[in-house]
Amino acid sequence: MLTSFDLLLIGLSLVIFGAGLLKLKAAWSQGRPARRPGDLKGLVLYLLGQREILENRVAGLAHLALFWGVCFYLALAILAQFGPVIPPGLARLVSLISDLLGVALLAGLIFFALRRLGDREAAAPRGVLLPVAVLLIVVLSGFWAEGARLNLAPEGASWHAPAGWFFALLSPASPLFMQIMVRIHFFAVLLLLALVPFTFLRHLVTSSLNVYYRRQEPAGVIEPVDWQQPVIGADQRRDFNWKQLLDAEACVSCGRCEQSCPANISGKPLSPRKVMRALHENLRGGGGMEQSVSQDELWACTTCMACLEKCPVFVEPLDKLVDMRRYQVLDRGRLPSEAREMMRDLELYADTYGRGPAHREDWALGLEVPHISNLPGEAEVLLWVGCSGAFHPQYQQVARSMAHILNAAGVNFGILGKEEACCGDAARRLGDEERFETLAKKNIAALDKYGVKTLVCLCPHCYNTLRNEYPALGGHYQILSAVEFALRLIAKKRIYPKYPLAGRLTIHDPCYLGRGNGIYQPLRDLVGSLPGASLVELEQSRENGFCCGGGGGRMWLHEKLGENINNLRAAQVAHSGVQTVATACPFCLTMLEDGINSLETERPAKVRDLIEIVAMSLGRAH
Amino acid sequence: MRIVVCLKQIAHTYARSGRDPDSNYLEPEDKVLRINPCDEFALALALEAKEYLPGGAEVSLLTLGPILAQIELVRCLALGADWLFQVDAQGYLDPWQKSSLLARSVQKIEADLVLCGRESLDSANGQTGALLAHHLNMPFVSGVRKIDFGTEGPFAVVRRAAGRGTRQVLRCPLPAVFSVEAGNTIPAPPSYDQKRNLGSPPIQKLVLDAAGVAPRYVQEAQYPPRPRVKPLTPPDNCLDSYGRVSELLSGSSMEKKGRMLTGDPETQVEGIITFLQESGVLEPEKEGELDG
Ligand code: SF4
Ligand code: SF4
């Protein structure tokens, strides 16, 4: 029975627990406001299955054992307070389950303790060993108490307590010993409770909350800047919003983001885990992020979203990096010198190539590509060409291929021509939100002027920006990617690909179609609908796809540190032994081609856009 | 120290995408309003001086004629310039008149250093700086890339591009006029805060009497650029034949201007004749001559 001293102790540990939680909450509440609806169903399903955590098999299973073990004992302890009468059969079953779960829990604990003791990395999670040790004491003292009880009990050990039987062998048949173990068990549990907010165990609360408040929109969306704030972008902890600070509290430093970050893998100093760690320390200590995250780290991110995809607790290192870039550019006026020319071109000419609107229709010279205002009847779609489609010599071919496909299918389509401006993706991801908004508003005005409803985008970056980011500025359209639209044309039998593809082909998933918007299957379906297709998947594909290195404005920055990301990807392609790499993005096309050429292999794989491949299969390529 | 930076606003024509010979094949979107690029580099040098000079510097922008590129001028102010002076002037002025007007403005501002771009993107005279120095009776250095200021005495140590990669370091007493060469790195853009703090830009008008100065040289004629044949790079060998041909064919509409003639052969022939007449190859036919 509980004495009043026990009750006092329980009360005390509850108070410490509660005060600690309030302090944690105060830490992340320093942030700016943000709107995040909670997702209770998502949280419950997440906790039950722990699928995201199980992606890493061994650690995931150990985590599952800990989670279910603790939950089970907690439920048992609470139920026991009501002194329920249970039939002996059921009691034995419960005893067996609790025994086995205890063993699993012990194994999991030993795994985590060894893992923590084993690696001494600077970025490893902190405050782990203390709670693990206390939990070990809880489990061991529990088992020993059980063992002693079995020794004292008349019927002795039996099948429904195998672990108890084992511990009975190791413990004396003394009531005093049993009492001591029970007390240790009890104190250790209270200590553990009090430790939750102050050690690694805080993730029980913060990570669960983070799962509850996880992002509901696609991963590629970046939140707009609040121009009313005194500081634009983020440097100090108060410049981040509360969800971003909660992210920092929720990060368990597992390092999965870092292991899949192309910048990190290619030897650049950036590590998304380190960024989250820096923000976490900032929450406690102060000082700006500028001091803990160097310029080389900041500008190395390709915004590939691998860190978002891999994080088991839905932490998003990417939006912190973008906000920190915004701070550099908008607040400090420090745009990297290599990107200045492109940004100036955007300012003067509204395209990333600096060729100007007068040349924006040149790619369509001699083709039947009318301006949207010159269409007979209502337009079925507007073809959004993008800067690369309009100006990049190789991607112009893709734009022409798309025009050919649309004409072959008899689609009543038009383009904005000289009125189309850059979608603003590069400007936004390089931190120049002002330029992005100017361009976006210009485009929205032009699209609304012609009452455009449906757009087909060649470039995934345009696709993501128009589809996910323009609505916040008042541009609401139905946006399709060229791949989806071509697939639809084939499915509706409006075009008939007839010429077979030669050789084996693989697909490189563009980040902004795949991880950004979940478009993986349409690329495969499109290849599947072409005659003679023999598709080989790359080792890293779909969600695990490896970035080409060109996103996030990296296309315009120099790669001075470590290896070139595109060369790493090119090596993977070469390893797969295919003749063609199909992709669906102008940056991927250029980056992969450069990478493959730099390998100087004997028969380099050809990099082609899927749209070009479809046009070739139709019988004519541009 | 007072530094004056002369900024030329230009309507830079980068394309001729129109179809109408009367408008010189120009469309509204064929030009961008901007500040002469070299002048932007001059401004960057002035702002650098403002930042690093122990006593700081006051940077005044000076522009001649009507305000064309307001946004760009405001951008220059946001970068950190203190004043913007506009010299009132209308119509065509030759370099002599321009420099004389500018010189008198500089005297009004009482500048210690005058910076301008080496030459302008639209007329490429490259004279304004030199003539300005002449009017002001100041030393002149052209092609300046970097300026350092002496600690004792009013002089500057400038680094200039002396052509074909040679770099020269000169010591020059102040006040002086320097014309600045475009650098390799584009100056950093203004921060949002700088723009936000600017409020409404203060433009100060300087009204000077231009009537007294006669032009020294008069333009006799000016010809628009001839459509030039674009030097073709050999097509990419990796492409298939169709790809190679279309790569050869792809050029901007500035280089190749064509008009598709439609209709039956007769109207097409008429089209060709009209075209030849319009471009002055054929004499325009006289009324009734064919019948006679
Ligand atoms: S978005 Fe990609 S490059 Fe950037 S930190 Fe995350 S994983 Fe690394
Ligand atoms: S951000 Fe997520 S994936 Fe990265 S270390 Fe933290 S918890 Fe792990």
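Pick from A:Arg325, A:Arg355: which is at the interface with another protein chain (Cβ under 10 Å from one of its Cβ atoms) and either away from ligand 2 (no atom under 16 Å from the Cβ) or more than 25 Å from the chain's Cα centre (by Cα) (or both)?
Of A:Arg325, A:Arg355, the one residue that is at the interface with another protein chain (Cβ under 10 Å from one of its Cβ atoms) and either away from ligand 2 (no atom under 16 Å from the Cβ) or more than 25 Å from the chain's Cα centre (by Cα) (or both) is A:Arg355.
Every residue in region A:417-434 that is surrounded by fewer than 24 Cβ atoms within 10 Å (Cβ to Cβ) and in a loop (DSSP other than H, G, I, E, B), please.
A:Ala421
Conditions tested, residue by residue: (1) more than 10 Å from ligand 2 (Cβ to nearest atom); (2) free of Cβ contacts under 8 Å to residues at least 24 places away in the same chain; (3) over 19 Å from the mean Cα position of the chain (by Cα); (4) in a loop (DSSP other than H, G, I, E, B).
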| residue | (1), (2), (3), (4) |
| --- | --- |
| A:Leu270 | yes, no, no, yes |
| A:Lys274 | no, no, no, no |
| A:Asn282 | yes, no, yes, no |
| A:Asp296 | yes, no, yes, no |
| A:Val329 | yes, no, yes, no |
| A:Gly333 | yes, yes, yes, yes |
| A:Ala339 | yes, no, yes, no |
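Right, A:Tyr395: surrounded by 21 or more Cβ atoms within 10 Å (Cβ to Cβ) and either within 14 Å of chain B (Cβ to nearest Cβ) or in a strand (DSSP E or B) (or both) or not? Reasoning before the result, please.
Details: surrounded by 21 or more Cβ atoms within 10 Å (Cβ to Cβ): yes; either within 14 Å of chain B (Cβ to nearest Cβ) or in a strand (DSSP E or B) (or both): yes.
The answer is yes for A:Tyr395.
Filter region A:309-322 for residues that are within 12 Å of ligand 2 (Cβ to nearest atom) and either outside any helix (DSSP H, G or I) or in contact with a Lys or Arg (Cβ under 7 Å, 6 or more places away or on another chain) (or both) and give the result.
Residues satisfying the conditions are A:Glu309, A:Lys310, A:Cys311, A:Pro312, A:Val313, A:Phe314, A:Val315, A:Glu316.
Quick one: which of A:Gly220, A:Gly288, A:Gly255 is within 25 Å of A:Arg435 (Cβ to Cβ) and within 16 Å of the chain's Cα centre (by Cα)? Walk me through how you get there before you give the answer.
Numbers: A:Gly288 fails: within 16 Å of the chain's Cα centre (by Cα); A:Gly255 fails: within 25 Å of A:Arg435 (Cβ to Cβ).
It is A:Gly220.
Return the residue satisfying two criteria in turn: it lies in region A:284-294 and is part of a helix (DSSP H, G or I) and within 16 Å of ligand 2 (Cβ to nearest atom), and of such residues it is surrounded by the fewest Cβ atoms within 10 Å (Cβ to Cβ).
Of region A:284-294, the ones part of a helix (DSSP H, G or I) are A:284-285, A:289-292.
Narrowing the set further to residues that are within 16 Å of ligand 2 (Cβ to nearest atom) leaves A:289, A:292.
Details: A:Met289: 24, A:Ser292: 16.
If we take residues in region A:284-294 being part of a helix (DSSP H, G or I) and within 16 Å of ligand 2 (Cβ to nearest atom), then A:Ser292 is surrounded by the fewest Cβ atoms within 10 Å (Cβ to Cβ).
Looking at region B:6-27, I want the residues that are hydroxyl-bearing (Ser, Thr, Tyr) and have a partner that is surrounded by 12 or more Cβ atoms within 10 Å (Cβ to Cβ) and part of a strand (DSSP E or B) with Cβ atoms under 9 Å, at least 6 apart or on another chain. Which pairs are those?
Listed by first residue and then by second, the contacts come to B:Thr13/B:Lys31; B:Thr13/B:Val32; B:Tyr14/B:Lys31; B:Tyr14/B:Val32.
Given the condition of a type in the set (Phe, Trp, Tyr) and either surrounded by 24 or more Cβ atoms within 10 Å (Cβ to Cβ) or under 29 Å from A:Gly424 (Cβ atoms) (or both), answer yes or no: does some residue in region A:488-509 qualify? Give the steps one after another, and end with the answer.
Of region A:488-509, the ones of a type in the set (Phe, Trp, Tyr) are A:496, A:499.
Then drop every residue that is not either surrounded by 24 or more Cβ atoms within 10 Å (Cβ to Cβ) or under 29 Å from A:Gly424 (Cβ atoms) (or both), which leaves none.
No, region A:488-509 contains no residue that is of a type in the set (Phe, Trp, Tyr) and either surrounded by 24 or more Cβ atoms within 10 Å (Cβ to Cβ) or under 29 Å from A:Gly424 (Cβ atoms) (or both).
Take the residues of region A:184-217 that are part of a loop (DSSP other than H, G, I, E, B) and under 30 Å from A:Glu469 (Cβ atoms): which is farthest from the chain's Cα centre (by Cα)? Give the steps one after another, and end with the answer.
Here is the first cut: in region A:184-217, the residues part of a loop (DSSP other than H, G, I, E, B) are A:199, A:213-217.
Remaining after also requiring under 30 Å from A:Glu469 (Cβ atoms): A:213-217.
On the way: A:Tyr213: 14, A:Arg214: 11, A:Arg215: 10, A:Gln216: 12, A:Glu217: 12 Å.
Result: A:Tyr213.
Quick one: A:Ala248 ticks every box in (1) buried (at least 21 other Cβ atoms within 10 Å of the Cβ); (2) more than 14 Å from ligand 2 (Cβ to nearest atom); (3) part of a helix (DSSP H, G or I) bar one, so which box is it?
Every listed condition holds for A:Ala248 apart from (2).
Checking B:Ser99 against (1) in contact (Cβ under 8 Å) with a residue 40 or more places away in the chain; (2) at negative phi, which test does it fail?
Condition not satisfied by B:Ser99: (1).
Only one of these is modelled with pLDDT of 90 or more and out of contact with any helix residue (DSSP H, G or I) (no Cβ under 9 Å at 6 or more places or on another chain): B:Ala124, B:Ala46, B:Ala103. Name it.
Numbers: B:Ala124 fails: modelled with pLDDT of 90 or more; B:Ala103 fails: out of contact with any helix residue (DSSP H, G or I) (no Cβ under 9 Å at 6 or more places or on another chain).
So the residue among B:Ala124, B:Ala46, B:Ala103 that is modelled with pLDDT of 90 or more and out of contact with any helix residue (DSSP H, G or I) (no Cβ under 9 Å at 6 or more places or on another chain) is B:Ala46.
Does A:Pro230 satisfy the criteria of being without any contact (Cβ under 8 Å) to a residue 60 or more places away in the chain, within 11 Å of ligand 1 (Cβ to nearest atom) and not acidic (Asp, Glu)?
Details: without any contact (Cβ under 8 Å) to a residue 60 or more places away in the chain: yes; within 11 Å of ligand 1 (Cβ to nearest atom): no; not acidic (Asp, Glu): yes.
No; evaluated as a whole, the condition is false for this residue.
Where in region A:456-555 are the strands (runs of 3 or more DSSP E), entirely inside, with at least 2 residues that are more than 16 Å from ligand 2 (Cβ to nearest atom), over 28 Å from A:Glu433 (Cβ atoms) and hydroxyl-bearing (Ser, Thr, Tyr)? Give the steps one after another, and end with the answer.
Values: elements: A:478-481, A:504-507, A:534-536.
Strands (runs of 3 or more DSSP E) meeting the threshold: none at all.
A:Pro272 passes all but one of (1) within 15 Å of ligand 1 (Cβ to nearest atom); (2) within 14 Å of chain B (Cβ to nearest Cβ); which number fails?
(2)
The values are calculated or read from the model by the stated rules, or taken from the named source; none is laboratory data. Bear in mind that the values here come from a model prediction, so they are computed numbers and not experimental data. A quick note on method: Cβ atoms are made from the backbone with ideal geometry, for glycine too, and the neighbour counts reach across all protein chains shown.
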